[in-house]
1. Under a plain spin-label model, where a point goes 7 Å from the Cα along Cα-to-Cβ, how far apart in nm are Glu71 and Glu122?
2. Pick out which of Pro144, Pro14, Pro39 has the largest mean-square fluctuation in a Gaussian network model of the chain, springs linking Cα atoms closer than 10 Å.
3. Which ³J(HN,Hα) values in Hz, rounded to whole numbers, follow from the phi angles of the stretch 32-42 under the Karplus curve 6.51 cos²θ - 1.76 cosθ + 1.60, where θ = phi - 60° and Gly and Pro get x?
4. What do you get for the angle between helix 57-66 and the principal long axis of the chain? Use alpha-carbon atoms, 0 to 90 degrees, nearest ten.
5. As a check on your grasp of the helix formula, calculate [θ] at 222 nm for the chain: sum -39500 (n - 2.57) over DSSP H runs of n ≥ 4, divide by the residue count, round to the nearest 500.
6. Within the chain, which is the longest segment containing none of the GluC sites (Glu not before Pro) that sit in a DSSP loop and have at most 15 other Cβ atoms within 10 Å?
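Read-outs: derived from the displayed coordinates by stated rules, not from any lab. Values in this document were obtained by computation on a predicted structure and should not be read as measured data. Glycine gets a Cβ as well: all are built from the backbone with ideal geometry, and neighbour counts include every protein chain shown.
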Amino acid sequence: MSKNKKKKKGGYKPPAASPQDIVDSIVMIAGQIAEPDAPSSLWGELHKTFLKSDVDKSIAAKIIMHKDEEELQTVVAQLQKGSEVVLSISETVDVPELDHETQIEAMRCFRKRVKFMVLDRESKLGVGPLTSGKDASVDSMMAPHDYPMEVWLALAVDGQLVNDGGGFFHIPN
């Protein structure tokens with residue numbers, strides 16, 4: 001009779017990468033991405049490497065999501081200098097001044113879309129009042145295409161909506 005013994009997990013474990021090794025790998029991957037025929041899988045490798053680094057996760061996510069090579073080069077330069085990684089906010093949008101009627105109609109349109117979205121979620125299984133399902137609330141939603149984005153940004157600047165970024169807005173509480 002043999003006893004069931006658990007085998008010890010063994011094998012080779014590579015040593016933990018130093019911060020300089022991580023920076024070097026980010027620089028190497030960024031150089032490969034800058035080449036004309038770079039495969040898109042490099043962006044995934046870059047994302048994994050960013051997660052191991054000290055770079056702020058929101059900065060890394062913005063670069064990866066937009067596949068922004070200019071911002072990537074800025075971050076690589078900051079990492080090589082050893083300074084703190086900061087992205088410059090250069091996106092300033094001129095927000096038009098809205099008349100009162102346009103504000104009212106746009107907010108009515110937004111509230112109606114939120115209402116329809118909540119009703120749509122509540123109609124799914126496991127969400128309704130007769131089940132012990134989830135709450136059918138909406139955190140934020142994409143701005144309706146009935147009005148241009150400048151209208152929604154103007155409403156966010158005015159304080160009637162909250163801009164969550166990426167074209168998503170929600171009504172302040």
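1. The two pseudo-label positions are separated by 3.7 nm.
2. Residue with maximal mean-square fluctuation among Pro144, Pro14, Pro39: Pro14.
3. Each residue's phi maps through the Karplus curve to give 5, 5, 5, 5, x, 9, 6, x, 6, 5, 5 Hz.
4. For 57-66 against the chain, the angle is about 80 degrees.
5. Values: 6 runs with 84 residues, N = 173.
About -15500 deg cm²/dmol.
6. Numbers: sites that count: Glu84, Glu91, Glu97.
It runs 1-83.
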